[in-house]
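K.L.:
Handing you this structure, nothing more for now.
Each value in this text was obtained by applying a stated rule to the coordinates, not by laboratory testing. Fair warning: this is a prediction, and the values are worked out from it, not measured in the lab. Note that we place each Cβ from the backbone using ideal geometry, even for glycine, and neighbour counts take in every protein chain shown.
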Amino acid sequence: MSTPDEPEARKFVATGVVTVTVADLEQALRTAHMKGLKQDAPVTVTRSGEWNLLMDEYQQRATTTAIYPGAGTGNMQALAYVALGLTGEAGEIANKVKKVLRDDNGEVSTLRRAELFGELGDVLWYAAMLAEELGCSLASVASANLMKLADRQERDVIGGSGDTR
Ligand SMILES: [Mg+2]
């Protein structure tokens, strides 16, 4: 987090919740970016403000309900379980959106929104568990992602494709 004395070239702010400085993002990118991250090299989290605390707290609390083969070991069994769970829950979202097209004439009802809201939470839980198994914090994942997107935006390649652009 920046202090009043610290020079701050830019600040990324997402409405009301997220305040991450460039220094935070650079630190997160150095420590958390998946390129070259080894399983035995746990990521150091840069905490910056309420947002990170909320994400880290969510991860911590979600972990208390993590009961699956290899949970918390970061081994292949645990990775496979959470990867399957994550894609399964993402599939549940797709299926509910499909039903909006099939059954609801494209109208997104309050019920469907509520269903999607619930499924999005399930996706978030598995995302948190994947972060846990990778030995990094959900906050560092989010920070690194914001940094990547900001960099692409700056280089005007945000609309292209490819993981390494
Ligand atoms: Mg679900």
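K.L.:
Are there any GluC sites (Glu not before Pro) in region 101-147 that are in a DSSP loop and have at most 16 other Cβ atoms within 10 Å? List them by number.
P.N.:
Sparse-neighbourhood loop GluC sites (Glu not before Pro): 107.
K.L.:
Further, regarding this structure: Using θ = phi - 60° and the Karplus relation 6.51 cos²θ - 1.76 cosθ + 1.60, list the HN-Hα couplings for region 98-107 in order, rounded to whole Hz, with x at every Gly or Pro.
P.N.:
Ordered by residue, 3J(HN,Hα) equals 4, 5, 4, 5, 6, 10, 10, 6, x, 8 Hz.
K.L.:
Moving on to the next point. Quick one: if you stick a label point 7 Å off each Cα along the C-beta vector at residue 60 and residue 103, how many nm between them?
P.N.:
Placing both labels 7 Å beyond Cα along the Cβ direction yields 4.0 nm.
K.L.:
Of the listed peptides 152-163, 62-73, what is their order by residue-averaged count of other C-beta atoms within 10 Å, with the highest listed first?
P.N.:
62-73, 152-163
K.L.:
Residue separation times 0.36 nm, minus the C-alpha to C-alpha distance between residue 120 and residue 155: what's the value?
P.N.:
Full extension of this stretch gives 9.5 nm more.
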